[in-house]
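Structure first, commentary second.
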Amino acid sequence: MCGIIGATGLDDVVDLLVEGLERLEYRGYDSAGLVLTAPGELWRVRAADGTRSVAALRGLAASAPRAATTGVGHTRWATHGHPSVENAHPLFDCTGRVAVVHNGIIENHTEIGERLEAAGHTITSATDTEVLAHLVEEQMAGGLSLTEAVRVTLTMVEGSFSIAVVSADEPELLVAARRNTPLILGLTDGAALLASDIPALLGKTDRLFVLDDDQLAELRPGSVRVTTLAGAEVEPPALSIDWDLAAAQKGGYEDFMSKEIREQPRAVADTLLDRHRPDGSLTLDEARLSDDDLRRINKVYIVACGSSYHAALLAKYAIEHWARVAAEVDIASEFRYRDPVLDATTLAVGVSQSGESLDTALALREARQRGARVLAVTNVVDSSIARDADAVLYTRAGPEICVAATKTLLAQIVALELLALTLAQVRGTLSADEIDQIMESLHRLPGMIEEVLKREKEVDEVAQALVAARDFFYLGRNVGFPVALEGALKLKELSYLHAEGYPAGELKHGPIALIEPGTVVVGVATRNPLWDKFQSNIAEVKSRGATIVLVANDGDERAEALADHVLWVPAADQLLAPVVDIVPLQLFAYRLARLHGHDVDRPRNLAKTVTVE
Ligand code: M6R
């Protein structure tokens, strides 16, 4: 949700900014811009060309003044003000000597804007961000340095922000700050860097630091100084990551989504690695909760958004079945506003690939304030929810660049299954032998995913056959239901086709009225105790003219007889099967999106990491 990049002390600063924006495009791509502190003045270019904005910016930046060594760039996901050049960042003050890039929302921008206009400022954009530039201008006009002007400005604003500010008056200085949205700092001997996310800085430096909430950083060539907004000196924690540059590049694939789908066997295998001790017990070494802590838990609340919410729904089945603990799952943006009942015996689990989804971060904060123990399941080391939690269970999927979640979702599902097994172990609800058997089944999943990936051509043929369809219903029962939700979400976000996920048994209570010839029903029909009932649900829609696609286990003749098209998958154990069953639905959504001519890595209106409420 908006990407920020900045650097000072580099002869090739403009190249770093443009390359950084290309790597951050997944955070938003409505428009893009950059500003350089060319000696004595600011030099700015902006472009608003949808998913081509950063590419257009690259062209515009070719005429940048080469003497500049300091600058900031921004790729935008519009909140306030439609996508346009006028609303693209960096945004200037009245004098054109202060420029700001911002990720987040300034909630009290209307009242600040009114006051500034009454004082003679001219606000030229419809954004919530521009007031920041004018507030800094006001403070600098009163005699403050850029750093102190930003510090005072931030005492006046409400909301969430990561910002970077430059001024023509202090051309080698970048001032950055954050509250509730991420910002990473980097250092080399002669330069200092900042970015919204790690992939933008991979290969540039290994010396990375996390800026925390309500901290301000001054970046000068070769130095970074961090203080709290109140002015106290802070030693920023070093960030230790094992991602390499190749992991954030396409590596010969047509798009990141193809690459990331194919990385799924490795993501699952790595997430399972070294979790099972030789004595048969389980270890979640990043989870700093003792066995006693876990034994005291009598309720698990899981909060998440989007695909991570689907992983959370699947975890409910595993936790309740294996560990016999009540588990509730909530959409993170709803959780904190409904007065949830939690106490010290509640384990609140936040699931977030990025670790930065603001809804999830705030939900976990709410849970913590109400006394719950908090566990974060995330793919990004030292991300916001990781740092705020009592304990962290990292997925090991590597960086995910495509806006649509694929490999991180499968890694989340297995991580949550490990959590369920751990709860079962400490509570004694599963024997060591039973846990061994489930672990063996988990370790077979990467091979099964490989097998599904080999069948891509068959999925392509089904997509070809259904390219004219406009309405899709995804149905499942039991663990097949979250799989259906995920299949529908992938199709919606990539293909812009109408798709809904439903528990198959619920369809007859209303939505079946929408079924007519031409509607496609995609059923998750893999091994499941509810197969017979599910078969009846499919028969009900088939008799109303729907075209039936079933995800079914190899050799299932009943599925073959019922379906117009079958997406075959190997049979995994019931609670683990979603990790395999989701894969053909990802491939199906991918292929339909490509057939419709869409950019799969950058679907319209979306951003990978949503850092606004
Ligand atoms: O980073 P998070 O896991 O917290 O993100 C949650 C959702 O925004 C994310 O899963 C989103 O729904 C994806 N576009 C799904 O493909």
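The values are calculated or read from the model by the stated rules, or taken from the named source; none is laboratory data. Source: prediction; values computed, not measured. Counting neighbours? That spans all protein chains shown, and the Cβs are built from the backbone with ideal geometry, glycine included.
When we screen 523, 501, 505 for residues that are within 26 Å of residue 400 (Cα to Cα) and not charged (D, E, K, R), the only hit is 501.
Residue-by-condition table, conditions (1) farther than 25 Å from residue 40 by Cβ; (2) in contact with a Gly (Cβ under 6 Å, 6 or more places away or on another chain); (3) not hydrophobic (A, V, I, L, M, F, W, C):
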{"residue": "134", "(1), (2), (3)": "no, no, yes"}
{"residue": "154", "(1), (2), (3)": "yes, no, no"}
{"residue": "165", "(1), (2), (3)": "no, no, no"}
{"residue": "169", "(1), (2), (3)": "no, no, yes"}
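Residues that are outside the structural domain of residue 352 (by TED's automatic domain parsing) and farther than 13 Å from residue 212 by Cα: find the strands (runs of 3 or more DSSP E) completely inside segment 157-199 holding 3 or more of those.
Filter on segment 157-199 gives 159-167, 192-195.
On the given criteria, is residue 99 among the small types (Gly, Ala, Ser), surrounded by 19 or more Cβ atoms within 10 Å (Cβ to Cβ) and in a loop (DSSP other than H, G, I, E, B)? Against the criterion (among the small types (Gly, Ala, Ser), surrounded by 19 or more Cβ atoms within 10 Å (Cβ to Cβ) and in a loop (DSSP other than H, G, I, E, B)), residue 99 does not qualify. Within segment 134-190, the set of residues being within 24 Å of residue 69 (Cβ to Cβ), crowded, with 24+ Cβ neighbours inside 10 Å, out of contact with any His (no Cβ under 7 Å at 6 or more places or on another chain) and in contact (Cβ under 8 Å) with a residue 60 or more places away in the chain comprises 150, 162, 164, 165, 166, 167, 174, 176, 183.
Entry remark, segment 126-156: residues being part of a helix (DSSP H, G or I), under 32 Å from the mean Cα position of the chain (by Cα) and charged (D, E, K, R) number 2 in total. Do you know which residues across segment 423-467 are of a type in the set (Ser, Thr, Tyr) and closer than 23 Å to residue 266 by Cβ? 441 - this is the single residue of segment 423-467 that is of a type in the set (Ser, Thr, Tyr) and closer than 23 Å to residue 266 by Cβ. Hey, among the residues in segment 102-125 that are in a loop (DSSP other than H, G, I, E, B) and of a type in the set (S, T, N, Q), which one's surrounded by the fewest Cβ atoms within 10 Å (Cβ to Cβ)? Looking at the filtered set, the residue picked out is 122. For the criterion of being of a type in the set (D, E, K, R), surrounded by 21 or more Cβ atoms within 10 Å (Cβ to Cβ) and either closer than 16 Å to residue 90 by Cα or free of Cβ contacts under 8 Å to residues at least 60 places away in the same chain (or both), residue 12 fails. Assess whether residue 500 counts as being surrounded by fewer than 23 Cβ atoms within 10 Å (Cβ to Cβ), within 35 Å of the chain's Cα centre (by Cα) and within 16 Å of residue 585 (Cβ to Cβ). So residue 500 passes the test.
Of all residues in segment 478-505, those that are among the polar types (S, T, N, Q) have Cβ atoms under 8 Å from Cβ atoms of residues that are away from the ligand (no atom under 13 Å from the Cβ), 6 or more apart or on another chain, in 478/317; 478/528; 478/529; 478/530; 478/574; 495/592; 495/596; 495/598.
On the given criteria, is residue 268 closer than 18 Å to residue 430 by Cβ, buried (at least 20 other Cβ atoms within 10 Å of the Cβ) and at pLDDT 95 or above? No, not satisfied.
Screening the candidates 89, 82 for the property of being in a loop (DSSP other than H, G, I, E, B), surrounded by fewer than 16 Cβ atoms within 10 Å (Cβ to Cβ) and under 32 Å from the mean Cα position of the chain (by Cα) yields one hit, 82. Are any of the residues in segment 49-60 closer than 17 Å to residue 221 by Cβ and not hydroxyl-bearing (Ser, Thr, Tyr)? No, segment 49-60 has no match at all. Screening the candidates 45, 85, 98 for the property of being touching a strand residue (DSSP E or B) at 6+ places or on another chain (Cβ under 7 Å) and free of Cβ contacts under 8 Å to residues at least 24 places away in the same chain yields one hit, 45. Filtering 501, 487, 505 for residues that are at pLDDT below 95 and of a type in the set (Gly, Ala, Ser) leaves a single hit, 505.
Picking from residues in segment 293-311 that are in a helix (DSSP H, G or I) and within 16 Å of the ligand (Cβ to nearest atom), the one that is surrounded by the most Cβ atoms within 10 Å (Cβ to Cβ) is 311. Of the residues in segment 448-459, not one is under 24 Å from residue 529 (Cβ atoms), assigned to a strand (DSSP E or B) and in contact (Cβ under 8 Å) with a residue 24 or more places away in the chain.
Would you please name the residue that is farthest from the ligand (Cβ to nearest atom), looking only at residues in segment 312-343 that are charged (D, E, K, R) and not in a strand (DSSP E or B)?
The selected residue is 324.
Of the listed requirements (1) touching a helix residue (DSSP H, G or I) at 6+ places or on another chain (Cβ under 9 Å); (2) under 21 Å from residue 369 (Cα atoms), residue 298 misses just one: (1).
Only one of 569, 583, 521 is modelled with pLDDT of 95 or more and either touching an Asp or Glu at 6+ places or on another chain (Cβ under 9 Å) or surrounded by fewer than 20 Cβ atoms within 10 Å (Cβ to Cβ) (or both); which? Show your work before the answer.
Numbers: 583 fails: either touching an Asp or Glu at 6+ places or on another chain (Cβ under 9 Å) or surrounded by fewer than 20 Cβ atoms within 10 Å (Cβ to Cβ) (or both); 521 fails: either touching an Asp or Glu at 6+ places or on another chain (Cβ under 9 Å) or surrounded by fewer than 20 Cβ atoms within 10 Å (Cβ to Cβ) (or both).
Of the residues listed, the single one that is modelled with pLDDT of 95 or more and either touching an Asp or Glu at 6+ places or on another chain (Cβ under 9 Å) or surrounded by fewer than 20 Cβ atoms within 10 Å (Cβ to Cβ) (or both) is 569.
Here residue 52 fulfils each of the conditions (1) assigned to a helix (DSSP H, G or I); (2) touching a strand residue (DSSP E or B) at 6+ places or on another chain (Cβ under 8 Å) apart from (2).
The set of residues in segment 562-613 being in contact (Cβ under 8 Å) with a residue 24 or more places away in the chain, assigned to a strand (DSSP E or B) and not aromatic (Phe, Trp, Tyr) consists of 565, 567, 569. Between 593, 589, 552, the distinction of being surrounded by 21 or more Cβ atoms within 10 Å (Cβ to Cβ), at pLDDT 95 or above and away from the ligand (no atom under 16 Å from the Cβ) belongs to 552 only.
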